[in-house]
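A short worksheet on the structure shown next.
Any read-out appearing in this document is the output of simple, stated calculations on the displayed coordinates, not a laboratory observation. Values in this document were obtained by computation on a predicted structure and should not be read as measured data. Every residue, glycine as well, gets a Cβ built from its backbone with ideal geometry; the counts of neighbours run over all protein chains shown.
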Amino acid sequence: MSQRLRIFLFIIISSIFNTVQGQVTFVIESLPNTTPEEDSIFICGSFNNWNTHDEHYLLHPQLNGNYSITLPADTGTIQFKFLRGGNWMKVETSERNEYLPNRVFTYGNGKTVYVKISNWQDLGGVKHFNYLILFLFAAAFYGLALLFLVYRIQKCNRSKFITFLISNIILLIALLGSVMYNITSLIWQSHIAMLGYVLFFTWGPTLFIYIGTLRLHKLPKKIFIHYSPTLFIALFAILRYINFKPLMFLSKEINLHLTLGSTIVLLLGIGVNIYYHIRTIKYLQLGQRANDDKRPIEVQLINIIFITSISALLLLCLNILFLTAELSWVVQVKFEIVLIILSFIIFAEFFYYWKFPEILRDRLVQHPINDASNLITQLTELMQVSKPFKNPELNIAELSDLLNTKPHILSKMINEHYNKNFRDFINEYRVKEFIAMSISEEYKNYTFLALAHEVGFNSKSTFNLVFKKNTGLSPRDYMKQKFNIIKDK
């Protein structure tokens with residue numbers, strides 16, 4: 001290589017190096033919660049004669065949601081400020097919405113300057129309150145109560161409990177995430193949105209596994225493979241959070257609400273969710289084809305969950321279509337309505353699991369009933385193993401449904417074989433269970449009233465009357481005489 005060429009390349013490389021070294025990048029890492037999503041953010045200062053609407057000094061969002069701009073190399077000291085929409089009435093102010101002196105920067109080596117904006121002059125810290133988040137927060141609280149309710153259901157099918165837990169925790173995170181999205185800053189909203197993308201990809205697979213487990217009473221095979229798209233999106237979210245350079249093109253804005261990256265993720269997510277909703281339909285058809293399916297309550301809950309989920313998905317598809325078309329008069333930018341619809345799954349579960357906890361229990365293997373002796377055997381087995389009498393709302397129709405028989409047949413058999421009506425028959429089992437639990441080491445710290453509620457009595461007065469009817473003594477006197485057990489009522 002000739003001497004002249006070497007000198008020429010050295011001069012070019014040195015020039016580029018010096019230019020890059022002299023540049024400065026300003027990164028806004030914190031914005032006020034009041035910042036409107038649709039407003040552009042500009043930097044203006046002595047370097048552009050304080051032009052507030054200079055398109056060359058418009059900040060652009062990074063992959064991780066921070067806003068940044070790189071100023072060309074220069075020397076000396078500059079003064080500058082940030083403002084929204086190119087309007088001096090929307091300039092940055094202090095936390096107390098007071099005037100701020102100009103920011104100052106002195107050029108030297110190339111560097112990145114991180115900036116926090118405390119307030120905007122026109123907003124003064126006031127943010128419009130979204131009342132929908134009150135409903136979402138209430139639904140999340142209701143969901144927590146549901147988790148405790150199901151946890152207390154005895155002899156739950158392990159597979160059903162696991163899938164219930166996973167699906168409801170995901171829904172709870174989505175609800176609480178939406179609440180946080182509405183009360184935090186624009187930059188943190190972008191971080192929460194990344195979590196939303198990941199949850200979006202768990203929606204369809206989790207519905208498929210949850211409903212499948214309720215129908216089959218066991219986990220479907222190879223469940224982890226269903227979450228492979230979720231892992232892919234989780235990796236994308238991590239790369240986006242660290243501003244992975246090769247993916248910067250995905251931050252290109254398509255319109256006011258969508259970037260190229262968010263559009264691709266939403267479309268892929270819709271595809272994944274539609275696929276799994278279609279696959280879930282086979283579990284709904286399973287109950288229609290199976291002649292031995294005698295659990296209509298379970299089928300009702302499954303249908304409610306599926307219909308609610310497919311309705312929310314269709315609304316989400318319409319919402320994204322409106323976002324793409326920029327139909328601002330019908331658009332729901334933050335998708336709260338979709339989550340409100342999904343939250344009705346929590347309310348439905350609470351009702352059904354509270355009133356019919358046997359949905360989550362192991363199904364008793366049933367055989368055709370040909371005569372009264374078979375029915376008596378099955379009834380005895382059911383009462384001793386599944387203990388449906390612990391449900392305070394148990395009635396003859398529900399019990400006959402568990403035994404694959406008709407209510408009038410079961411009622412007649414109880415009357416003729418046990419010489420009791422249905423209520424006395426059930427209460428006798430409750431009293432026996434109360435006595436067994438009272439002398440058990442596991443329940444030694446329970447009061448009599450707490451044990452009465454555990455076995456299915458819903459009031460103290462009813463419990464005392466039934467107990468005395470069956471034993472001739474009050475609960476306190478009976479336990480003291482027979483077992484020398486004394487407890488507070």
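Couple of notes before you dig in:
- More than 34 Å apart - percent of Cα-Cα pairs taken over the chain: 55 percent
- Averaging 1/r over each pair of different alpha-carbon atoms in the range 113-198 and inverting the result gives 15.6 Å, the Kirkwood hydrodynamic radius.
- The magnitude of the dipole of the range 372-483, with charges of +1 and -1 set on the Cβ of Lys/Arg and Asp/Glu and taken from the Cα centre, is near 420 debye.
- Stretch in the chain that is longest and holds no chymotrypsin sites (Phe, Trp or Tyr not before Pro) that DSSP places in a loop and that have at most 13 other beta carbons within 10 Å: 132-328
- Rounded to the nearest 20, the size of the Cβ-charge dipole of the range 11-120 about its Cα centre is 260 debye, with Lys and Arg at +1 and Asp and Glu at -1.
- The share of C-alpha pairs in the range 11-120 whose separation exceeds 23 Å stands at 28 percent.
- Convex hull volume per residue, computed on the Cα atoms of the range 372-483, equals 103 Å³.
- 0 to 90° range, to nearest 10: angle between helix 407-418 axis and the chain longest Cα axis: 40 degrees
- Among the GluC sites (Glu not before Pro) in the range 50-158, those located in a DSSP loop and surrounded by at most 11 other Cβ atoms within 10 Å of their own Cβ are Glu95, Glu98.
- Pairs from Lys355/Lys432; Lys460/Lys480; Lys444/Lys468; Lys218/Lys387; Lys390/Lys482; Lys222/Lys387 whose Cα-Cα separation, in the structure shown, is over 29 Å: Lys222/Lys387
- Loop trypsin sites (Lys or Arg not before Pro), the range 430-464, which have at most 11 other Cβ atoms in a 10 Å radius of their Cβ (DSSP): Lys444
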